[in-house]
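**Q** Take this structure first; my questions come after.
The values are calculated or read from the model by the stated rules, or taken from the named source; none is laboratory data. Only a predicted model underlies this, so the values are computations on that prediction, with no experimental measurement involved. Cβ atoms come from the backbone with ideal geometry, glycine included; neighbour counts cover every protein chain shown.
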Amino acid sequence: MVAFYASILLFSVFSYSQSQMDTISSYIEMYEYNLALNKLKSLMQDKSEDQLNSQPDYYYNYAKILKGLGKADSSYYYLLKVEPLILSKKNSDSILMLYTLKAEVSRYDLKKYLTDKNIKVADNFYNKYSDFQFNPNALAYYFNRKAACLNQFHFGNTDTLKMVIDLSDKVVNLKSKIKDKSLIAYSMNEKAQVFQYHFDSIKSIDYYKEAFLFADNNNLDVPKVDIAINLAMNLFRDNKKNNEAIKVLEDSFPVANKNGQLTQIRDVAMHLSFLYSEKGLYKLALK
């Protein structure tokens, strides 16, 4: 069975340059989607249609990058295009990753029915081959994205929320075996969110801080900022710790700028401005 990374399928049985695909993998893990896209396009432009069809990782990775760039419809188009190619290879790890990414793209696009349908397909495949020892990277990605799908669309059911916590814990338990450590950070964040909004907002602070520390220790700057935003707003909204919330966001702002993620920069600035206003620091709020 072929091994791969959770963020990117790497079908190493094929004859293309592995180092080039490793570069693309690194770009995506660093959320440098434009660099990854340019690199992948340069690799694809010299390939014939037959060559591309024999190496489904090109289209899969292309779909992954497009999702990262916020182009959900285009991403889903390429997932549908590559699906029969991946299925023909009969690689159980790759198939589970494909089904999971389809669910993730539809979740990102806020399509509940399609998300439920896709995660059900992934569930059925996983359960059908439950005796197969899936690659830990595939399992972590599947557990992580399933938790996100359930938490986004089925948060009104207590049993489902407990399942989200269980799935998140399963990912954390795989942390020594998987390459993409951001899955660990986001799983810890997912668990903290469930506690914040549904069980125990005070306890969730500890979970957020644990997730933040993990992201910081593993140089996961993008997850680190996302977690910081959630932590700060929890500190303010549910626990009235405004000064601590402001400190968390002030420390995160230069990290967000370094990441170059415009959405993160906007979100940190917006929340920081709001917190300044709540303290009457209007000059700072208007900066």
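**Q** If you take the residues in the range 112-137 that are touching a residue at least 12 places away in the same chain (Cβ under 8 Å) and among the charged types (D, E, K, R), which one is surrounded by the most Cβ atoms within 10 Å (Cβ to Cβ)?
**A** The selected residue is D116.
**Q** What are the residues in the range 230-264 that are among the hydrophobic types (A, V, I, L, M, F, W, C) and modelled with pLDDT under 85, if any? So that I can check it myself, show each step before the final result.
**A** Residues of the range 230-264 among the hydrophobic types (A, V, I, L, M, F, W, C): 231-233, 235-236, 245-246, 248-249, 253, 255-256, 262.
The answer is L262, and nothing else.
**Q** From L249, L213, L235, grab the single residue that is in a helix (DSSP H, G or I), loosely packed, with under 15 Cβ neighbours inside 10 Å and out of contact with any Phe, Trp or Tyr (no Cβ under 7 Å at 6 or more places or on another chain).
**A** L213
**Q** Given (1) within 13 Å of the chain's Cα centre (by Cα); (2) over 19 Å from Y99 (Cα atoms); (3) among the polar types (S, T, N, Q), identify the lone condition not met by N144.
**A** (2)
**Q** Assess whether D180 counts as being of a type in the set (D, E), surrounded by fewer than 19 Cβ atoms within 10 Å (Cβ to Cβ) and either modelled with pLDDT under 95 or under 19 Å from L275 (Cβ atoms) (or both).
**A** Considered against the rule, which asks whether it is of a type in the set (D, E), surrounded by fewer than 19 Cβ atoms within 10 Å (Cβ to Cβ) and either modelled with pLDDT under 95 or under 19 Å from L275 (Cβ atoms) (or both), D180 comes out as no.
**Q** Taking the range 265-287 as the region of interest, how many residues are modelled with pLDDT of 75 or more and part of a helix (DSSP H, G or I)?
**A** Total satisfying the criteria: 15.
**Q** Collect the residues in the range 252-264 that are polar (S, T, N, Q) and either touching a Pro at 6+ places or on another chain (Cβ under 6 Å) or in a helix (DSSP H, G or I) (or both), keeping them in residue-number order.
**A** Result: S252, N257, N259, T263, Q264.
**Q** Considering only the range 112-140, state which residues are at pLDDT below 95 and closer than 23 Å to Y62 by Cβ.
**A** N135, N137, A138
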